[in-house]
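Each value in this text was obtained by applying a stated rule to the coordinates, not by laboratory testing. In this text the structure is predicted, and so the values were computed from the model without any measurement. Backbone-built Cβ (ideal geometry, glycine too); neighbour counts: all protein chains shown.
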């Protein structure tokens, strides 16, 4: 998925299962704001995938937080806050793996929960 923000081309690729974004068509969780509040939705998914919803929610949160392009350290710190918010919604069920590029810079994030039922143990790989 591609989008343009602050004159920079952004791309997003996601694999996983994110319960926060299992919502009805037209619904989009607001990230980066107090619970119960919402932010202006400029970016809206065209389809029904959680990947589209996550990407649009991240872009909307960035737009609400920064009026102009932040420095890479500021961007990195804020993306960490958004990642934590997504994962903290349901730490047990969330599998969030993504690549996000802005221009030539790439941000990767992995939150994976592994379970092997045949041996009866669970291993949680922290971020």
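Points to keep in mind about this one:
- Of all residue pairs spaced 6 or more apart or on separate chains, those with beta-carbon atoms under 8 Å, a first member in the range 11-30 that is at positive phi and a second member that is in a strand (DSSP E or B) and surrounded by fewer than 19 Cβ atoms within 10 Å (Cβ to Cβ) are 16/95; 16/97; 16/112.
- Search result, residues across the range 12-32 that are surrounded by 15 or more Cβ atoms within 10 Å (Cβ to Cβ) and out of contact with any strand residue (DSSP E or B) (no Cβ under 6 Å at 6 or more places or on another chain): 20, 21, 28, 29, 30, 31, 32
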